[in-house]
Amino acid sequence: MVRILLILILAASVLFAGCGGSFFIGFVSNPQIPNNSVSGIVIVIHLGTVNDVNFQPVPVTTVSFKNSGLSNTVNFCGDQQNQFHLNESVRADFAPGTLCSNLVAVVPL
């Protein structure tokens with residue numbers, strides 16, 4: 001269905017361009033809307049770095065959460081150490097990224 005829609009948009013753009021008209025097709029995305037969250041008791045907080053595509057160091061805060069005997073670890077972009085405290089039960093909302101996730105909110109539970 002999406003493929004057919006894209007073909008129709010492309011065909012319409014060729015028709016409009018051939019008539020000398022101008023048009024604009026754009027898409028808007030807001031990557032800051034959290035679409036992931038993790039919750040649990042904070043068991044590890046570690047500030048480190050990862051290398052970007054140009055091999056430049058990017059600071060990340062690695063946080064591990066324990067929930068029902070299982071643990072999840074998330075790399076948050078930047079120095080986020082002051083947002084988390086060991087042995088605190090929280091929910092962290094974030095937008096996933098390529099190298100690290102953008103922290104949106106930390107909510108105590």
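Quick note: the coordinates plus some simple rules give every number you see, no bench work behind them. Owing to the predicted nature of the structure, the values given are computational and were not obtained by experimental measurement. Methodologically, a virtual Cβ is constructed for each residue, glycine included, from the backbone with ideal geometry; neighbour enumeration extends over all protein chains shown.
Quick check for you: which residues of segment 55-70 have the amide N under 13 Å from the point 7 Å beyond the Cα of Ser89 toward its beta carbon? From segment 55-70, the list is 66-69. Here the 3J(HN,Hα) profile of segment 56-70, calculated from phi with Karplus coefficients 6.51, -1.76 and 1.60 at θ = phi - 60°, is 8, x, 10, x, 9, 10, 8, 10, 10, 10, 10, 9, 6, x, 9 Hz, Gly and Pro shown as x. Quick one: if you stick a label point 7 Å off each Cα along the C-beta vector at Asp79 and Thr49, how many nm between them? Each label point lies 7 Å from its Cα, and together they span 1.3 nm. Counting only the Cα atoms, segment 51-109 fills a convex hull of 85 Å³ per residue.
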